[in-house]
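Beneath this line is the structure, given in structure tokens, with notes to follow.
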Amino acid sequence: MGWFCNFLGCYGGKCFCVLCHVWDTIGLYFIFGRFWVDAKQRESTIYGITENRIIIKSGIFTKEIKSLNIRTLSDISVHEREGGMGTISLGPTIIHSVWGSGMMWWPGVPKQPCLEFIPNVKQVYSLIVEQQNRK
């Protein structure tokens, strides 16, 4: 798109040329940048499990802390990959996460709380279920 904008920028004036570069930047983010942002997001995410709560601290530019009561979680599901690594989804499935599985990086789209890329995921899942069953 850059070559097209450069061509039209010569005839469309400076304002049009600037607008084309903005679109080029947005396009580069969609193609490459979102993967970098996702990797940085995952790199800065920290999970914690206590007797009563599951804590998820995440964020690149602003920090978000999500604290979930273990005993009141209604649905917990585990997805194990080869090698024992996997994801634990916490709470009921958010319909947007099913419909737009490729759009979860989009700002404002609610994301189901989950523990991602957990080594020995079945062991962690068992720990959570054990904590749930304690009185």
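The values are calculated or read from the model by the stated rules, or taken from the named source; none is laboratory data. Keep in mind it's a predicted model, so treat the numbers as computed, not measured. Neighbour counts are summed over all protein chains in view; Cβ atoms, including those assigned to glycine, are modelled from backbone coordinates with ideal geometry.
Table for the structure above
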read-out: Test: residue in the range 41-60 that is part of a loop (DSSP other than H, G, I, E, B), among the acidic types (Asp, Glu), modelled with pLDDT of 80 or more and exposed (fewer than 12 other Cβ atoms within 10 Å of the Cβ); value: yes
read-out: Per-region count, the range 61-91, residues touching a Pro at 6+ places or on another chain (Cβ under 8 Å) and assigned to a loop (DSSP other than H, G, I, E, B); value: 4
